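Have a look at the structure below before the remarks.
The values are calculated or read from the model by the stated rules, or taken from the named source; none is laboratory data. As the structure is a computational prediction, the values presented were derived from the model and not from experiment. Please note: Cβ atoms are built from the backbone with ideal geometry, for glycine as well, and neighbour counts cover all protein chains shown.
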Amino acid sequence: MNPSKKISVTLFSSSILLGLFGWLLPISPDLTFNKEVFWLKKTFTSESYDVVVAGDSRIYRGVSPDDLLKPLGNGVDAINLGYSSAGFDKKYRSFILSKLDKKGKVKTVVVGLTPHCFTPDALENGHFHKIRATTNTDLLTILYLEPILKFFEPRKIKAIFKLNFNQPSNSLEKFHNNGWAESDNLKGDSLAALKNYSKVFIDNTVNEEAVKEFMVWIDSVSNAGIQVIGFRPPTTPQMRALEDSLSGFDEEKVRQQFESNGGYWMDVKDEDYSSYDGSHLRSSDSRKLSREIGEVIKRL
């Protein structure tokens, strides 16, 4: 065979093998690349949505937009804009409205209000502002070079022979394009988060002025023809008792103010849901809660 043809055949064969291995070999579980893309896409999306869901980790882990939309039928879309330890400061509130389709069919904002979301620490919104401060260079690199970078991430050939696709994992963390971080743990402990939360509210209780500003915002949003639904994300009776005793959060007062300013308060009972750590809902319960939110939107 002609030497040049041999080289061509070799290169072609190598390309096929490289592509095959790149497709088949599992990506290292230690990589956080997908997580980075998850946060950047939901933060810098240029799209607008009929339903915007906002709040802290109990929201971004606890509300599935796809399941929320099931009762609403076709032609409606939604996004989960929750962030870790999010607080409803002015910039976050503006961000929420910037992603809402003001000409949409539904025009609904859903807010999950936790005892932590009006505390000074939450109102600093460290996670939200950190993601928003991503440089254009980093944004372009992570979002648009993703397919290329992901292809060349380190793989282990021997791992392909050990894969068992039917073997369940004790923990789950799956990042969806709609802003929901699906999470669960089969060996969960519903009391696990209590120790940490017992320290969260030390010198960090609810800022009443922040609550007032939030309620003024609810009034202005409602008067603009936007439906606002609020609720306290479910946890466990133990977590509820701890937060109520330490945070300064008065749920009944918040509810009354919320409703008097044009919002709709959704009753959610802790005992109807299951938490894998005492703070966040199991995957199936997140889907259940999401469908119930969708039913409320449909009814309203």
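The figures follow:
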item	result
Scope the stretch 100-140; condition in contact (Cβ under 8 Å) with a residue 12 or more places away in the chain, more than 23 Å from F231 (Cα to Cα) and of a type in the set (K, R); matching residues	R132
Failed item in (1) farther than 30 Å from I202 by Cα; (2) surrounded by fewer than 19 Cβ atoms within 10 Å (Cβ to Cβ), with V76 passing the rest	(2)
Complete set of residues in the stretch 276-293 that are surrounded by fewer than 23 Cβ atoms within 10 Å (Cβ to Cβ) and part of a helix (DSSP H, G or I)	S283, S284, D285, R287, K288, R291, E292
Hits in the stretch 60-73 (condition: outside any loop (DSSP other than H, G, I, E, B) and within 30 Å of V206 (Cα to Cα))	Y60, P65, L68
Residues of the stretch 74-88 that turn out to be under 15 Å from the mean Cα position of the chain (by Cα) and either under 17 Å from F118 (Cβ atoms) or assigned to a loop (DSSP other than H, G, I, E, B) (or both), as a count	7
Residue count, the stretch 34-57 (criterion: in contact (Cβ under 8 Å) with a residue 60 or more places away in the chain and either crowded, with 17+ Cβ neighbours inside 10 Å or touching a helix residue (DSSP H, G or I) at 6+ places or on another chain (Cβ under 9 Å) (or both))	15
Residue in the stretch 117-127 that is within 24 Å of I142 (Cβ to Cβ) and among the aliphatic types (A, V, I, L, M) present	no
Top-ranked residue in the stretch 182-200 [being in contact with a Phe, Trp or Tyr (Cβ under 9 Å, 6 or more places away or on another chain) and of a type in the set (A, V, I, L, M, F, W, C); ranked as surrounded by the most Cβ atoms within 10 Å (Cβ to Cβ)]	A192
Failed criterion for S171 (all others in (1) at pLDDT 95 or above; (2) touching a strand residue (DSSP E or B) at 6+ places or on another chain (Cβ under 9 Å) hold)	(1)
Wholly within the stretch 89-142, helices (runs of 4 or more DSSP H) carrying at least 3 residues that are modelled with pLDDT of 95 or more and exposed (fewer than 13 other Cβ atoms within 10 Å of the Cβ)	90-98
Any hit, the stretch 182-193, residues being of a type outside the set (S, T, Y) and either assigned to a helix (DSSP H, G or I) or closer than 22 Å to K105 by Cα (or both)	no
Those residues of the stretch 207-230 which are of a type in the set (S, T, N, Q), more than 22 Å from the chain's Cα centre (by Cα) and not in a loop (DSSP other than H, G, I, E, B), in sequence order	S220, S222, N223
Meets criteria (touching a residue at least 60 places away in the same chain (Cβ under 8 Å) and part of a loop (DSSP other than H, G, I, E, B)) for G179	yes
The one condition in (1) in a helix (DSSP H, G or I); (2) polar (S, T, N, Q); (3) modelled with pLDDT of 95 or more that N34 fails to fulfil	(3)
Any pair with Cβ under 7 angstrom, 6 or more apart, that starts in the stretch 225-241 at a residue that is under 14 Å from S198 (Cα atoms) and ends at one that is of a type in the set (A, V, I, L, M, F, W, C) and not in a loop (DSSP other than H, G, I, E, B)	Q238/L194; M239/L194
